[in-house]
Amino acid sequence: MRLRREPDGSATLLVPEGIVSLNETAAAALALADGTRDDDDIAAELARHFDAPDGAIAEDVRTLLGDLAERGFLTR
Amino acid sequence: MTPAAPPRSLLCELTYRCNLQCPYCYNPLKLALNEPELTRAEWMRAIEEAIGLGVVQIGFSGGEPTLRAADLVALTKCATDRGAYTNLITQGTFLDDALLDALLDAGLAHVQISIQAPERELSATIAGTDVFEKKVETLRRVAGRDVALTLNCVLHRLNHDSLPDVLAFAEREGIARLELANVQFYGWAYRNRAALMPTREQVERGAALVAETSLRLRGKMDITYVLPDYFEELPKPCMHGWGQLALTLTPDGRILPCPAATSIETLVFPNVRTSTVRDAWYGSEAFNIYRGTAWMPEPCRSCERREIDFGGCRCQAFLLTGDAAATDPACARSDRHELVVAYRDRDDSDTAWSPRRLDPALR
């Protein structure tokens, strides 16, 4: 799995034989998923960064990372 | 019409040569090339240009791509160095330690290894040669390394009943991604479709078993089960639309909108030896002819699904009706749907098949 910045600044996730376009929050979440942080750490950092309530982001982060882990693209 | 979006994905068919003879291969019947295979320098030029246009996913396939081992390593490095994600689609019989090391050094991101069956005897019957043990060895070699791995098994009537054993084999080997694709009928598979067409019972039993196994192995193994479109009432969204996302290069440099496009004998495809990839993608008749929705006949033209499945598969439309612009007969709304129904529901007494082989007499 590889996170990629396109020339226009948008983010793309490259997975085996697949291309996923990411929104800014998803891209930021994945950039933080480096093995040293758990879902809650990532959600908290994003909430700070985007100045949003913790709870709203936590659910999205869990769904995104859970989905990628289930497909075998991410180890938790 | 809005201008075409740039290509994102490129499949490089490095050679049509292969040491296996699988009757379900989608390669054309005519495996002998009129022109020599592209040289390494020609491949590099095409790959660099494609990446420059917007390609981020590159697959190396064939035939068996590892038959051009040194070129495969060089091209993997060329693509990786320019930021592309690289996939090797192989049957695994030549992927030894030295080649795997070299490919991983070159930046290879993903290996897809195919098996024909979950055991030696049936595997040899289908592949025409006894290579199952070799494949298992390769599978374990790749699984032990830091690279994404997918196990693939094409399902058809000859091996469908061994699906429970395919699943057990994958689980035993600790496979994280398993792709079970019911055979699609192009090239050799089209020639052999009488013998390969699964029964409805096989397809439905398979779907139920995969659903159950996916649930049980959730988080451990991701299983894709590709339904055969002959058994569905709606066509597949082939290539996400003609000339929308992907292109394929054949071993002799033809630039195709889809890996099976040489089936369409009425089209002339541009070649990287005489055209740039840019001109082929944006300017050639072969890429523009079925782009968008303006070319569609009824019932596609006014169908609410026209931007979902794009009228289905152009190659299948041509193979079944002789007209590549026809609605894909796999669609229940096609006035030629009976062609698919007749084939799907026929009696299964016809079981002869031809092994894939290079025969210069074929045109």
Open item on the list: Can you tell me what percent of all Cα-Cα pairs in chain B are more than 39 Å apart?
Closed with: 12 percent
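Percent of Cα-Cα pairs more than 12 Å apart in region B:217-259, please. The partial results should precede the final answer.
Working: 650 of 903 pairs.
So the pairs more than 12 Å apart make up 72 percent of the total in region B:217-259.
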- [ ] Measure nothing fancy, just the Cα-based angle from helix A:39-50's long axis to the longest principal axis of chain A, in degrees from 0 to 90, nearest 10.
- [x] 80 degrees
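Once the mean 1/r over all distinct Cα pairs of region A:24-76 is inverted, what Kirkwood radius in angstroms do you read off?
On the way: mean 1/r = 0.0920 Å⁻¹.
That comes to 10.9 Å for region A:24-76.
Could you work out the relative contact order of region B:253-301, using alpha carbon pairs under 8 angstrom and six or more residues apart, expressed as a whole percent?
32 percent
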Open item on the list: Given the options B:Pro6, B:Leu31, B:Tyr85, identify the residue whose Cα lies farthest towards the positive end of the charge dipole of region B:1-136 (+1 on Cβ of Lys, Arg; -1 on Cβ of Asp, Glu).
Closed with: B:Pro6
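Over the residues of region B:1-142, compute the C-alpha Rg and express it relative to 2.2 N^0.38 Å. Each step should come with its number before you reach the end.
Working: Rg = 16.1 Å, N = 142, 2.2 N^0.38 = 14.5 Å.
Compactness ratio reported: 1.11.
Please report the relative contact order for chain A, taking Cα pairs under 8 Å with a sequence separation of at least 6, and give it as a percent rounded to a whole number. Provide the component values of the computation, followed by the final result.
Numbers: 76 pairs, mean separation 16.1, N = 76.
For chain A, the relative contact order is 21 percent.
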- [ ] Find how many whole Å separate the alpha carbon centroid of region A:49-76 from the alpha carbon centroid of region B:2-28.
- [x] 35 Å
Task: q = 0.09, 0.13 Å⁻¹, the protein assembly as shown: log10 I(q)/I(0) [Debye, one scatterer per Cα] - done: -0.60, -1.33
Open item on the list: Among B:Ala102, B:Leu180, B:Gly54, which residue has its Cα furthest toward the positive end of the charge dipole of region B:44-191, with +1 on Lys/Arg Cβ and -1 on Asp/Glu Cβ?
Closed with: B:Gly54
Open item on the list: Tell me which DSSP H helices of chain B clear both cut-offs, 30 Å or more of axial length from alpha-carbon atoms and a mean Kyte-Doolittle hydropathy of at least -1.0.
Closed with: none
Open item on the list: Residue by residue through A:16-28, how many Cβ atoms from other chains fall within 10 Å of the Cβ on average?
Closed with: 3
Task: Hits among aspartates and glutamates - C-alpha to C-alpha of B:Lys30 under 17 Å, sequence gap 8 or more where chains match - done: B:Glu13, B:Glu64, B:Asp252, B:Glu265, B:Asp359
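Could you work out [θ]222 nm for chain A from helices alone, using -39500 (n - 2.57) per DSSP H run of at least four and dividing by all its residues? Round to the nearest 500 deg cm²/dmol.
Working: 3 runs with 38 residues, N = 76.
Theoretical 222 nm ellipticity from helices: -15500 deg cm²/dmol.
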Open item on the list: I want the local charge near B:Glu298. Using Cβ-Cβ distances under 11 Å, sum +1 for each Lys or Arg and -1 for each Asp or Glu among the other residues.
Closed with: +2
- [ ] Specify the inter-centroid distance of region B:241-274 and region B:298-333, based on alpha-carbon positions, in whole Å.
- [x] 19 Å
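Which value in Å is the Kirkwood Rh of region B:104-229 over different Cα pairs? Write out the running numbers ahead of the final one.
On the way: mean 1/r = 0.0657 Å⁻¹.
The answer is 15.2 Å.
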Task: Alpha-carbon centroids, region B:101-125 and region A:1-19: separation in whole Å - done: 25 Å
- [ ] Check the straight Cα-Cα distances from B:Lys220 and name the lysines below 30 Å, setting aside those fewer than 8 residues away within the same chain.
- [x] B:Lys134, B:Lys135, B:Lys236
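A short reminder: the numbers here are calculations on the coordinates, not readings from a lab. Predicted, not measured: the structure shown is a model, and the values here were computed from it. Cβ: placed from backbone, ideal geometry, glycine included. Neighbour counts: every protein chain shown.
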